[in-house]
1. Grab the strands (runs of 3 or more DSSP E) fully contained in region A:1-110, keeping just those with 1 or more residues being crowded, with 24+ Cβ neighbours inside 10 Å and within 14 Å of another protein chain (Cβ to nearest Cβ).
2. Is it fair to say B:S207 is at pLDDT 95 or above, out of contact with any Cys (no Cβ under 9 Å at 6 or more places or on another chain) and crowded, with 24+ Cβ neighbours inside 10 Å?
3. Of everything in region A:190-200, what is crowded, with 20+ Cβ neighbours inside 10 Å, touching a helix residue (DSSP H, G or I) at 6+ places or on another chain (Cβ under 8 Å) and not β-branched (V, I, T)? Give them in sequence order.
4. Conditions: (1) within 14 Å of chain A (Cβ to nearest Cβ); (2) surrounded by 15 or more Cβ atoms within 10 Å (Cβ to Cβ); (3) under 22 Å from B:S186 (Cα atoms). B:L281 meets all but one. Number of the miss?
5. Taking B:P242 as the residue in question, decide whether it is of a type outside the set (K, R), surrounded by fewer than 17 Cβ atoms within 10 Å (Cβ to Cβ), touching a helix residue (DSSP H, G or I) at 6+ places or on another chain (Cβ under 9 Å) and within 9 Å of chain A (Cβ to nearest Cβ).
6. Quick check on region B:216-227. Is at least one of its residues without any contact (Cβ under 8 Å) to a residue 60 or more places away in the chain, more than 20 Å from the chain's Cα centre (by Cα), within 13 Å of another protein chain (Cβ to nearest Cβ) and surrounded by fewer than 19 Cβ atoms within 10 Å (Cβ to Cβ)?
7. Is it the case that some residue within region B:172-180 is closer than 23 Å to A:S207 by Cα, in the same structural domain as B:E292 (by TED's automatic domain parsing) and under 19 Å from the mean Cα position of the chain (by Cα)?
8. Which of the following residues is within 30 Å of B:R80 (Cβ to Cβ), β-branched (V, I, T), at pLDDT 95 or above and in contact with a Phe, Trp or Tyr (Cβ under 9 Å, 6 or more places away or on another chain): B:V101, B:V175?
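The values are calculated or read from the model by the stated rules, or taken from the named source; none is laboratory data. It should be emphasised that the depicted structure is a prediction, and the values quoted were computed from it without experimental measurement. Methodologically, a virtual Cβ is constructed for each residue, glycine included, from the backbone with ideal geometry; neighbour enumeration extends over all protein chains shown.
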2 protein chains.
Amino acid sequence: MKKRIYIYSPSSAVRNKAGLRRAVARLKALGHEVELDPDVLASHMRFAGDDEARLAAIGRAAASGADIAIVSRGGYGLSRLLPRLPYEALAKAVKGGTRFVGYSDFTALQNALLAETGAITWSGAAAAEDFGGEGDPDDIMQDCFEDLVSGQGEGTGWQLARSDTFDEPLQARGVLWGGNLAMIASLVGTPWLPKVKGGILFLEDVSEHPYRIERMLTQLLYAGVLARQKAIVLGHFNNWMPVPHDKGYKLKTVVDWLREQVEVPVLTGLPFGHVPTKVCLPVGAKVTLAAEGRDVFLLWGHLGPHDHHHDDGHEH
Amino acid sequence: MKKRIYIYSPSSAVRNKAGLRRAVARLKALGHEVELDPDVLASHMRFAGDDEARLAAIGRAAASGADIAIVSRGGYGLSRLLPRLPYEALAKAVKGGTRFVGYSDFTALQNALLAETGAITWSGAAAAEDFGGEGDPDDIMQDCFEDLVSGQGEGTGWQLARSDTFDEPLQARGVLWGGNLAMIASLVGTPWLPKVKGGILFLEDVSEHPYRIERMLTQLLYAGVLARQKAIVLGHFNNWMPVPHDKGYKLKTVVDWLREQVEVPVLTGLPFGHVPTKVCLPVGAKVTLAAEGRDVFLLWGHLGPHDHHHDDGHEH
């Protein structure tokens, strides 16, 4: 049976219309039915329509009944909508079987929805960004997305850098949450930071110098968020420019510093972030993280529409 | 009597040594005695020495008995020291008559010290940055700094843009706090955000695009910080680059948006920030803010060493 994919724009305006057209063509070529939100190409200043228009688009995505509701792109725009997002409609859509997917700015909606309702959403591709390039989409990204569409993905795995191997096997089970570090840090102290205890927190960011990454991590550290997790999993932190002033201060300096600050294990190399190769990760799902030597697995098993996270830490 | 000025480096390493030398010469030419911390030129990666070295430098500044303890420069480095700052020694030094002054990264120390002890510090010049240029220091900056050195400054004033005038006179009294927006936002949800109610919050930032300024303001908004203040006073937000994607989104868009979000008055044009013309502002002091038409005054009267902020909102 054909799967239905709904593409909408909750954040920044799509400027690369050819890219969106290519994404639609590719998703159709994969055998899917693709529906575009009427405001998918709307533009109001930086935004894909003004706040009301984007709220309406999110509402239409929730009401679409599609198998997949995927953002066209990230950018900026969800932060200012947090008090007015249609949380109940989104949670109802999740229960009805719609899988919401996106990343970057979408992190705000995902984690706010988790805080408000416990509903599971997916960190993964954005349509125009990941399927709209002039070259072929990344194989791993596409395979993970296709697993999501078909409901067959049950986990992911990757290899640690040689310097980051685990001598003692690590196994942890908890709620997976997180996404873009700047968005997660901006939720600290607000009602929309999920109160996840014993969780697996994953983080990525782009175009942020390591000192800014460190400053954002200090906020999560001092707010007690990091110590409450069972593991911290770092994806890609790319596209920043070293400057002469750094004199040896680099991303590894921050990771080393972080490991001194927390007893929680810090894993690196998650194939996720503002990079072509990105897996799909269920935000709000109970997952098992297993690491031994250089191998890491993140497993969530089969997730049905009625799985979601409750504050009591049990699955339902 | 000669006043003693102690210069130390709690944040980033000083790379412009000639600038620091010029600053020392200028402060001496103003008739002051200038003492350099032994590690004022230390360098460890981006930092003016490693964490232990910078903590020791802050301790020496607190023990210096100087009239003024001024940072050499801002940058980055205080965030990672917050759990270990010598708060009691700093508060004792303030009671002993030392005025601590700086801005930018120094915002973290100032507000953490306010949260921990109620001690008043000053947002104003940094030695190398404001007295170390090849041209003459800014007149207003220098006058305000000299007022601080002599203990004679009792307030400041400025003119609003014509579009921002107050038809109804505004008068508010409360604790002045704030500084660099990125630093204040990074304190939200941590123990070091001052719990100021009915305060006057001032904010500035540099090299942050308006969408990032807005995102940081959403955090203060959603954490309830903005609604608890009697006024929000904006300084300069400069040195950011507009991009074609903005399509009319600019700093004024953010100020207009902010004014829609809060009932608290939002004043603009405070002569403070990463600009040559910066006044000296007492963080933690009770101030009176008065605005009528285009004129704004921020008055703190005579502040002795035993003035400081207590959570009960009274002066002592």
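1. Numbers: elements: A:4-8, A:33-36, A:68-71, A:99-102.
Here the list is empty.
2. On the way: at pLDDT 95 or above: yes; out of contact with any Cys (no Cβ under 9 Å at 6 or more places or on another chain): yes; crowded, with 24+ Cβ neighbours inside 10 Å: no.
Judged against the criteria, B:S207 is not a match.
3. A:W192, A:L193, A:P194
4. Failing condition for B:L281: (1).
5. Values: of a type outside the set (K, R): yes; surrounded by fewer than 17 Cβ atoms within 10 Å (Cβ to Cβ): yes; touching a helix residue (DSSP H, G or I) at 6+ places or on another chain (Cβ under 9 Å): yes; within 9 Å of chain A (Cβ to nearest Cβ): no.
In short, no.
6. yes
7. Quick first cut of region B:172-180, residues closer than 23 Å to A:S207 by Cα only: B:180.
This time we only want the ones that are in the same structural domain as B:E292 (by TED's automatic domain parsing), so: B:180.
Cutting the leftovers down to under 19 Å from the mean Cα position of the chain (by Cα) gives us B:180.
So far as region B:172-180 goes, yes, one or more of its residues are closer than 23 Å to A:S207 by Cα, in the same structural domain as B:E292 (by TED's automatic domain parsing) and under 19 Å from the mean Cα position of the chain (by Cα).
8. Working: B:V175 fails: in contact with a Phe, Trp or Tyr (Cβ under 9 Å, 6 or more places away or on another chain).
The unique qualifying residue is B:V101.
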